[in-house]
Structures are given as structure tokens and as C-alpha cells.
Amino acid sequence: MNQQKPIIIAQDIHKWYGKFHVLQGVSLTVNRGEVVVLMGPSGSGKSTFIRTFNALEEYQEGRIEIDGIDLTNDLKNIEAIRREVGMVFQQFNLFPHLTVLQNITLAPTWVRKWTKVKAEETAMQLLERVGILEQAQKYPGQLSGGQQQRVAIARALAMQPKVILFDEPTSALDPEMVREVLDVIKTLAADGMTMVVVTHEVGFAREAADRVILMDSGTIVEEATPSIFFQNPKHDRTRKFLSQIL
Ligand code: ADP
Ligand code: MG
């Protein structure tokens, strides 16, 4: 695969929920190794937009390409793309009846056809990487929110994705757990993982993002480096938004 080719190309995406025009021509290109932070008021279309990248949401107009694969309605392409795009949700979405280890090995054994031994070895390495190796045999309900989210990150990493999408990964956490999860995401960024992160954590965006984007009412209002975005944005809408979150 061409190393220079962007991992995500989304061009002029339009989506309607009935008559409601939720995505009004949104475009985004994410290059290999880039970390893009997406901000914007609740209801502006952030989740809907990133969920189009792995076909969790349909769209009516525009074009999406993930690592050179066209996201068309061809089921083969959708399956290929879902293998390459990891996703971490606000509510963790772990399987409650499976142990931490089983949560992580499930997709690699079914989708990647790894042996149980290989999947478990990889899972244990990932649990060590996210700092919860000792929790491997527990069930999600026995863990704190921060630990559950770290399991969800390990589960996404286990598929060796080309890109990981994070949808407000710390919004459901108690304040004292936000940091441990952001620290894990920052290490991934430092290791060169390509990521799109929907978050309002300004400290994280300043430290880890290559670009920060403001979405409002289904459009991209501003797109800039963190220093420009937070100190000298072009648009009044961005200044207004920042005054609400800073
Ligand atoms: P954000 O993630 O920025 O908060 P969302 O992408 O979740 O925004 O939602 C954007 C808008 O689309 C909101 O107004 C929401 O109410 C609406 N919406 C989301 N999902 C649906 C749905 N399944 N049907 C109808 N409207 C929806
Ligand atoms: Mg959302």
C-alpha cells in the first residue's frame, strides 16, 4: 500500500435523517500517523460523521475511501474497511458476559482467524500496554470506568487497525479517570497511530492533535493546528464555542 496515500478521504459527505440535513457537505482527509481532534456543540453531527467512516452510518452523497478502499455498498469492501477501522465509544460497549481477555480475543479469532494462543498472547501484551494486565480474567462489571475504557482501547488495537476512531472516549468517566484514559491515547499518538478523536479535552487536543476541527450544524467551520485553533481562530463561531468550553 502506498505509504503517502491518506488513510481517510471523505469528500463532500451529505446525510439526511428524513428531512433533517445532518451532514451538509463535510470533507476530511486524514494522513497516515495524523491525530485529528473533532470538536463542536452537541448535535452538530460529529458522531454521525465519524461513524460513516466504518459504515456504521449510511450517507446519501459524497465519497469515502479508507486506505485506498472505496466505501461503497459492496459488502466485501465494508467488511475489509471494518477490519482496518477501530472504534472506541463513549459507553465502552464491552460484552458484559465475556471476560476482559475474551472481549479482546473475540474479533481477532473470528475475523482475523488467529489461533487462540496467538490471540491471547497479543491480548496480554495489549493489556500490559494499557496498564491493566492484572484484570485479564475479570468481567467488565468488576472494573472501573477508566479500566473498562482501557479494555475497549486494547480491544480496538487487537485488530491491528490502520486508524482508530474515538467518540468522546472520556465523557462517561468520573473526572479522576479521565487522565488515565487520555494518557493511553496520547501514548498511541506518540507511537504513530492514526486517530480521529471527538473530544472537548482541550489539554489533550493541544498536546496530541496535529489538527483541530470545529463542526457546527453539519458543516466544518474551522480547521487549524492546535495553537492557531485555541489562540487565534479565524471564525467567530470558534471563539464562541471556545468561550463555552474553556
Ligand atoms: P454530535 O455527535 O455532534 O452530538 P450526532 O451526530 O450524534 O451529533 O447527531 C447530529 C444530529 O442528528 C442531532 O440533531 C441528532 O438529534 C440527530 N440524529 C442522530 N441520530 C439520529 C437518528 N437515528 N435519527 C434522527 N436524527 C438523528
Ligand atoms: Mg456524539
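The values are calculated or read from the model by the stated rules, or taken from the named source; none is laboratory data. If you're wondering where the values come from, they're calculated on a predicted model, not measured in any experiment. Please note: Cβ atoms are built from the backbone with ideal geometry, for glycine as well, and neighbour counts cover all protein chains shown.
Remarks
- Scanning segment 37-81 for residues that are within 16 Å of ligand 1 (Cβ to nearest atom) and farther than 21 Å from Phe166 by Cβ yields a count of 3.
- Which numbered condition Val198 misses (of (1) more than 23 Å from His14 (Cβ to Cβ); (2) surrounded by 22 or more Cβ atoms within 10 Å (Cβ to Cβ)): (1)
- Exactly one residue out of Ala119, Ala156 is of a type outside the set (S, T, N, Q), at pLDDT 95 or above and within 17 Å of Met87 (Cα to Cα): that is Ala156.
- Residue within segment 47-60 that is farther than 18 Å from Met195 by Cβ, assigned to a strand (DSSP E or B) and β-branched (Val, Ile, Thr) present: no
- Residue tally, condition part of a loop (DSSP other than H, G, I, E, B) and of a type outside the set (Ser, Thr, Tyr), over segment 209-233: 5
- Among all residues of segment 21-36, there is at least one that is modelled with pLDDT of 95 or more, β-branched (Val, Ile, Thr), surrounded by fewer than 20 Cβ atoms within 10 Å (Cβ to Cβ) and more than 16 Å from ligand 1 (Cβ to nearest atom).
- Residues satisfying the stated conditions in segment 67-88, i.e. modelled with pLDDT under 95, in a strand (DSSP E or B) and of a type in the set (Val, Ile, Thr): Ile69
- Which numbered condition Glu57 fails, given (1) of a type in the set (D, E, K, R); (2) without any contact (Cβ under 8 Å) to a residue 60 or more places away in the chain; (3) surrounded by fewer than 15 Cβ atoms within 10 Å (Cβ to Cβ): (3)
- Condition check for Pro140: within 16 Å of ligand 2 (Cβ to nearest atom) and surrounded by 14 or more Cβ atoms within 10 Å (Cβ to Cβ): no
- Residue within segment 20-38 that is free of Cβ contacts under 8 Å to residues at least 24 places away in the same chain and either touching a Cys at 6+ places or on another chain (Cβ under 9 Å) or not in a strand (DSSP E or B) (or both) present: no
- Across segment 72-110, the number of residues qualifying as out of contact with any helix residue (DSSP H, G or I) (no Cβ under 6 Å at 6 or more places or on another chain) and β-branched (Val, Ile, Thr) comes to 5.
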